[in-house]
Structure formats: C-alpha cells, structure tokens
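Asker: Pasting a structure here, questions to come.
The values are calculated or read from the model by the stated rules, or taken from the named source; none is laboratory data. What you are looking at is a predicted structure, and each value in this text was computed from that prediction instead of being measured. When we count neighbours, we look across all protein chains shown, and the Cβ atoms used for this are built from the backbone with ideal geometry, even at glycine.
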Amino acid sequence: MRTSKKILLSCAVVILTTVLVSWNRNNSTKELNTSRWSYLPEKDFLEFTNAEMNGLIAADDEFQFSPGSGQVAPTAEDVLVQKIPGDNSHLLIMAFYSKENFSGPFVSIENGGHLVFRDDGRGYDKKAGDGLYTAKVAVDVNEFRRTALNMTAQMKKIDYKPIRFEHRAMIADPDADESFDIQKWESGDAVSISGLTNALSDLDISDNAASSGVSAATTTIPGFIDSIRTHCVFITSLAVVEDPTRTWNSCAQKGNVDGPWTFKTIMKQLASKDPSHIATDAQVSDFVKNWLGKWATTQIVNGDTVAARPLVNSKILTPWLTKSKNAGAPTGQLDMRFAPFKLLAMVNRFDLREGGVHGIPGSGVGEGRFVFGLISSACDGPLKMGVILEFGVNKPNTCDARKAWAQQWIALKNFTVGSSQYNQALQAITDQYSKCGTNPARPNQSSLDQLRTNEQALSSANPGVWEMKEFVVDPGGTGFLKQNTVAQNPSDKYNAQVINANVERMVKYVNSNTLAIKRDSFSVPLTWENLPFLGGAAKLITVTTGQVASPTGQPPKPYHWAGTDSTNRSTFIRNDAARFNFSLNTCWGCHGGETQTGFTHVDPVFFGTKATLSGFLTGKAGTGGAIDFDKDSTNENMTIKDPTGSATQRTFNDILRRARDLNRASGSRKE
C-alpha cells in the first residue's frame, strides 16, 4: 500500500467519483430532504440509496471528517473501490490511513448526519486496525465501470499531467497518473481511484460537454480550466473593472458613480443601517472619514500599539475634501465622485468555504472580494495602497447550497468576459453579498467579513514601510468601521527571530499546535498564555535591525516567520512543515518570503491599465524582484525556495488551484 497520496475523503473524491460519474438523471438532488440525515439509524448509514448519495454531491473540503465530536481526521492517503460479488448496485469504498496519521475506529462524513467509514471489523470492514476504513455505497456498478474506463482513455489521449495541492503548493503526483486497473477490479481486488478523482478537477463534466457531442468527463483540460480562471475566479479584465455602466473613473469623471461596483456604492451599502434606510451622501462621507481618520491617530488594538500615519491627510483626505468643496459639496463633506480608488479586481474565494469549520469563522460558501487601488490626488498614477473588501456569502452551510453557489460562478464561463451578458450575470452574483440587507444578523446588515488594507503610501519612513491593517463593521453599534486585529498574524514583536520571551512564546504556540497547523485547522488566538497575541497591524520590517525588509530575493533574505535555529530549543520550531504553514498564513508570510511576492498580490495600477498579479497567484514571477527559481517563465509553475535557506522548494499557482477546486465543487451537472 502506497502512502504518498493525500486524498481528501470528501464528496469530490469519494462520492463524486462513485456517484457523479455514474449519474442517474432520474435521481435529482432536489429529491433529497437533507434533514433526513438526523433520523437515519446508524445501521442504515452503510447503505445509502442513490438519491441519498446524490444529495452529497458538492465541493471538496465541504464536510467535517471526524473520528469523534470536535476532532478532525487527516486527509486519506489513498481511496479505493472494490466490487461486491454478485451485486451490481453497490460498491465498497475504502479510505486508507497509515497508523502514524490516524488510527481511530471510524471516520465519518458530517452533513446533518453522517456516513461512517469503519476500521473496527464491523459491518463491511474486513479487518479491524488494518488502516482501511470501509463503507458500502449505492452505485450503478456497470455505469461506474464505463465512465472510469472512458475517463482513463481520455486522460491518456490528452497526455494528462496530474497535480495536487497541499498547503496551496502544487505537487506533481505520479501516483495519480495511474489508469484505473480494470483487470484487478473485475477480479475483486480493491483498486485505487486516485487518478480518476484527481482528473475530476480538470475535466469538463458538464451537460454542455455532453450535448456538444463529447462524452461527459472527456473534454480537454487547458482551455476549459483557463476560462474558469479568467471568468470565474480572478477577474481583472478592463472590460469588467472599468465597465462604464458599473464603475467610475474619478480622474476622468466618467462612468456611473452610482454603479454597483464603485467605491461610493460599496461604501454606501456598508454605511447603511438597513435596506430601508440607505445612507445619505453626508452619512457616507462621515463613514469614510471616520475610517481614514484612524490612520491619523495612534491606535491600540489588542494591546498592540499601531503608530499613526498622518500622511493620510495630505495624501488622501485633504485633496479629496478640497476637490469636493470646489465642486459644491458642503464644507467638510467628501464628494464620492472624487474618491481616489480604482477597482482593480473582483475575486471569487469559494475555496474559503471552510468557514465555520475548525473554529475558524466565515461563510460556508466562501467569500466574494473587491480589490481597489489608491490613485494619487494629482491623477498622475497609482500609489502604493490596496483596499480589499472581503464579503462572506450568506448562504446555508449545506452541500446543495455550496454546489448551487459554485454553479453560479461556473456559468460565467459561458459568456465573453466583459460582455453585457457577462457583466450582468456577474453583478447578479456580487449583489448577493455587497448590498446592505444581505446578512440581517450582522452589524449594518452587511455581509462584510473584513476590510483589509496594505500600504506603503502613508509611511513617513524613508524608504517607506509597508503595513497591513484590518477593519470590521463595529459590532458595538456605532455603524462605523473599527480597526481589528490582523487575522492569523501575531504581533510583530513575536517574530524578532532572536532569543527572547516573545519569540519563545510564539514558538511554543507553533510547537504545541503542530498537528493542527499542518492540517490547516488552526486559528491563531487573540491571546496566548494569558497575554495578547494577535497583532493590531503587520509591518514588513527586518526582525533584528528595524530596517525595511525585502519580501523577495535569495534565502534567507526574504521576510518570513520563524523562531531561531536549533541551538536554542525553546525558540526553535521543530517541524518544518508547521513553520511554513504558520508563516504562510500570516500577512507578511503570504505577501513576502513564503511566496516571493513583492508586497502585493494585486498591484495598484492607473486607469486604463490591467492589474498585474503575483507569481503566487499566476505561476509566473510578479513584480518587486520576485524570483521563479525553476527559471522557466512559460510553465506557470512559480517555484520558490524556502525562505529559511533550507533545501525545500515549493511551487505555486493559486488561481489554478482555485479554478480546479471550483470546477470540482460545481458538479457541473444540471439538476
């Protein structure tokens, strides 16, 4: 048994392969009332009907796989299927775990009820403790066989190159390149389906593919996935972000200042108390001034002192107020026609649908984001500041809701990006989270999870120091934006990379939570050991001298999170994978050395210019001195040396990861 594979035991891998590829069009998921799971007796969990199984078809990562209440099982190392002699209506599915990774008696899929995979010798499990967790599922065996062979043939025809992602890093997976071994399967052996499940991320299994004369799950990969990347995941086309009916050019004073994607409209919706009381121009002005004013004074956030950056006045507020007054606005009121922010990108973060799992807050269907860049008051170019509005999507935390949301995004690929049909369909999506009233349970009835900023423009240092901040709509009832801690990022003092009490405390946190950090199931706490832990902001500074650091370059130069070397045990992070994953999840680990990113993943640009993206996102080296260490600018594989100087290299193309994930999650079959 090989143990090198890491396969998520989820809809997309277990059930999607055994049910979706043997889709019975007479068994729609609409027939399933998911509340039934709560009263199905446990003995029935081993034999779901086709209709019940169809109800589980949806996105990867969407279930909690648990060995017990409150615990999370690791990803399976292989998933196998086996025929049952004389039974053409069921298969056995086995998830394999080596003992060092997991050795509990069962693993269950939680979705209001659960499907139990056993390794206790009960039910259909043949041998207790052998690492093969077994369940029986209802499947049309003959149809599964036909589709498995069809997929295998197509993978060979297009010279399919399998990859998988771990901790967002791209990994070539030669094991997944295996064809489905039909001879072994027919003889009754358990056969790995890793090759099939991996391919599902990249193949078009839509009804459109079938109706076009190509069998389901057989269309070629590159063009199909590329269309998802550009149309459905990360949208930077000028025909969209400068659509004159939905956006506004504050320098040319052209477009529609009240369009749904303008800075004015989004802030107006945030400032409104409820859909029946949309904020006035004066109220929007107060809302924005209150937010920007937080740069002008020192803030104390979770005990962390965030020094004032008074250049906010001369760079943003004063010229904006002057233009507003000259245009006839009341004294002290900002006219949103002169808001110096350009829309750079719209982003689908469906991959963040782990919200609510592992104690990490968020939406069960992920986030939708607007990325803006700051424009100089003279309108002569961009300034180094990005503003990202990150909205949760108020949808049910269910399999069906996730699939339906994914399908709304996938449908965008059917239109020419930037066309009137495309922009109208995209607006129909963004309206579901950008408007006041989309989440009545939240402050201002807003779906905003957080507003993040990343800027150097307001730094008075020479050279300027980049700093990240995070804001939320004040839950205390003021209705304004409140500066919050930066998510997953301890205060800067914990990353001094010298032997002191603060670094020791951070290292102790990582070493104490190694397994959870390696599994991406951790949330950095507000306090640790009864002291403030999360930072009020994150600065990119060198850890020993206080001078400006570089996010890119040859290791060990690039900025990253670490303790010290092994010569001091209490400040040494013992597990390399945990160190990397902890650092990657911090603000400046992600925007710096772990990803060879020159400060920003979306670079601020002026009107008329399409935003450039980081190599971490695109697989091709971005700006700011980023180095692609494979020295191949054409392969869309951004290879990065570990910033600590270790021999480890990692490869990234995060938009591809998100596109594959969205494709798999959508199911692509119409109900």
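Asker: Could you say which residue among Ser434, Ser377, Ser419 is assigned by TED's automatic domain parsing to the domain that holds Val312, in contact with a strand residue (DSSP E or B) (Cβ under 7 Å, 6 or more places away or on another chain) and among the small types (Gly, Ala, Ser)?
Answerer: Ser434
Asker: Let me ask something additional. Could you tell me how many of the residues in region 244-269 are in contact with a Gly (Cβ under 9 Å, 6 or more places away or on another chain), outside any loop (DSSP other than H, G, I, E, B) and under 25 Å from Asn484 (Cα atoms)? Reasoning before the result, please.
Answerer: So the first thing to find is which residues in region 244-269 are in contact with a Gly (Cβ under 9 Å, 6 or more places away or on another chain), and the list is 244-249, 262, 265, 269.
When the remaining residues are screened for being outside any loop (DSSP other than H, G, I, E, B), the result is 248-249, 265, 269.
Right, trim to under 25 Å from Asn484 (Cα atoms) and you get 265, 269.
Qualifying residue count, region 244-269: 2.
Asker: Out of the residues in region 108-148 that are at pLDDT below 80 and assigned to a strand (DSSP E or B), state the one that is nearest to Gly188 (Cα to Cα).
Answerer: Leu115
Asker: Here is a list of conditions, (1) under 18 Å from the mean Cα position of the chain (by Cα); (2) free of Cβ contacts under 8 Å to residues at least 40 places away in the same chain, and Gln424 meets all of them except one; can you say which number that is?
Answerer: (1)
Asker: Oh, and also: For region 120-135, which residues satisfy the criterion of being surrounded by fewer than 21 Cβ atoms within 10 Å (Cβ to Cβ) and in contact (Cβ under 8 Å) with a residue 40 or more places away in the chain?
Answerer: Gly123, Tyr124, Gly131
Asker: Assigned to a loop (DSSP other than H, G, I, E, B) and surrounded by fewer than 19 Cβ atoms within 10 Å (Cβ to Cβ) - does that describe any residue in region 652-671? Let's see the steps before the verdict.
Answerer: Just the residues of region 652-671 that are assigned to a loop (DSSP other than H, G, I, E, B), to begin with: 653, 667-671.
Retained after the next criterion (residues that are surrounded by fewer than 19 Cβ atoms within 10 Å (Cβ to Cβ)): 670-671.
Yes, region 652-671 contains a residue that is assigned to a loop (DSSP other than H, G, I, E, B) and surrounded by fewer than 19 Cβ atoms within 10 Å (Cβ to Cβ).
Asker: Now, a different point. Within region 615-637, restricting attention to residues that are more than 20 Å from the chain's Cα centre (by Cα) and among the charged types (D, E, K, R), which residue is surrounded by the fewest Cβ atoms within 10 Å (Cβ to Cβ)?
Answerer: Lys631
Asker: Ser570: part of a helix (DSSP H, G or I), within 17 Å of the chain's Cα centre (by Cα) and either among the charged types (D, E, K, R) or outside the structural domain of Val347 (by TED's automatic domain parsing) (or both), yes or no?
Answerer: Taking the combined requirement at face value, the residue does not satisfy it.
Asker: Right, something else. Would you be able to say whether some residue in region 624-632 is out of contact with any helix residue (DSSP H, G or I) (no Cβ under 7 Å at 6 or more places or on another chain), in a helix (DSSP H, G or I), touching a residue at least 12 places away in the same chain (Cβ under 8 Å) and not polar (S, T, N, Q)?
Answerer: no
Asker: Does region 505-528 hold any residues that are surrounded by 16 or more Cβ atoms within 10 Å (Cβ to Cβ) and part of a helix (DSSP H, G or I), and which are they?
Answerer: The answer is Arg505, Met506, Val507, Lys508, Tyr509, Val510, Asn511, Thr514, Ala516, Ile517, Lys518.
Asker: Which residues, counting only those in region 242-262, are among the hydrophobic types (A, V, I, L, M, F, W, C) and either within 16 Å of Val472 (Cα to Cα) or surrounded by fewer than 23 Cβ atoms within 10 Å (Cβ to Cβ) (or both)?
Answerer: Within region 242-262, Cys251, Ala252, Val257 qualify.
Asker: Please determine whether any residue of region 444-464 is in contact with a Gly (Cβ under 9 Å, 6 or more places away or on another chain), outside the structural domain of Ser377 (by TED's automatic domain parsing) and of a type in the set (A, V, I, L, M, F, W, C).
Answerer: no
Asker: Further question: Looking at (1) free of Cβ contacts under 8 Å to residues at least 60 places away in the same chain; (2) buried (at least 20 other Cβ atoms within 10 Å of the Cβ), find the lone condition where Thr567 falls short.
Answerer: (2)
Let's see how each residue does on (1) in a helix (DSSP H, G or I); (2) out of contact with any strand residue (DSSP E or B) (no Cβ under 7 Å at 6 or more places or on another chain); (3) at pLDDT below 95:
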position	(1), (2), (3)
Asn313	yes, yes, no
Thr318	yes, yes, no
Leu321	yes, yes, no
Ser324	yes, yes, no
Gly328	no, yes, no
Thr331	no, yes, no
Ala345	no, no, no
Glu354	no, yes, yes
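Asker: To continue, here is another question. Given the criteria over 18 Å from Leu481 (Cβ atoms) and in contact with a Leu (Cβ under 6 Å, 6 or more places away or on another chain), does Leu321 qualify?
Answerer: Considered against the rule, which asks whether it is over 18 Å from Leu481 (Cβ atoms) and in contact with a Leu (Cβ under 6 Å, 6 or more places away or on another chain), Leu321 comes out as no.
Asker: Can you tell me which condition Thr438 does not meet? The list is (1) surrounded by fewer than 24 Cβ atoms within 10 Å (Cβ to Cβ); (2) in contact (Cβ under 8 Å) with a residue 60 or more places away in the chain; (3) farther than 26 Å from Ala308 by Cβ; (4) polar (S, T, N, Q), and all the others hold.
Answerer: It fails just one condition, (2).
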